[in-house]
Amino acid sequence: MTSIETPPNTPVWIDAKRCKACDICASVCPAGVLAMTYDSTSTLGSKVKILSKESCIGCCDCELACPDFAISVASKDEFQFSKLTEEAKQRARILKENNYRIKD
């Protein structure tokens, strides 16, 4: 097993080759950091997008829920994560109402 190097100043990142766009990661993110966006090249017609990396709270819910191991979250000793704000909670509620989809 190889380790993935943490991109600089990035709390969460996606391995696009592994992602099948199931939207599970977006559905479990309490801060609305992840969402699905249209992608005609994807099997399911969408792809995951990082909307607001500065709002990531480092909970690792997305990483743990991903069935394809396509998401990685920085460790707390390598990155200073945000606190869960009302703005982030509101973004998560709006995404949920839109089935985790955004328009580009």
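Look at (1) touching a residue at least 60 places away in the same chain (Cβ under 8 Å); (2) touching an Asp or Glu at 6+ places or on another chain (Cβ under 9 Å); (3) not hydrophobic (A, V, I, L, M, F, W, C) and you find that ASP23 fails only one, number (2). When the range 55-77 is filtered for residues that are surrounded by 12 or more Cβ atoms within 10 Å (Cβ to Cβ) and of a type in the set (Asp, Glu), the ones remaining, listed by number, are ASP61, GLU63, ASP68. Determine, yes or no, whether ALA31 is within 11 Å of the chain's Cα centre (by Cα), among the hydrophobic types (A, V, I, L, M, F, W, C) and surrounded by fewer than 16 Cβ atoms within 10 Å (Cβ to Cβ). When the stated conditions are applied, ALA31 does not pass them. Looking at the chain, the strands (runs of 3 or more DSSP E) lying wholly inside it that each contain 2 or more residues that are modelled with pLDDT under 90 sit at 46-50.
The values are calculated or read from the model by the stated rules, or taken from the named source; none is laboratory data. Source: prediction; values computed, not measured. In this analysis, Cβ positions are derived from the backbone assuming ideal geometry, glycine residues included, and neighbour counts consider all displayed protein chains.
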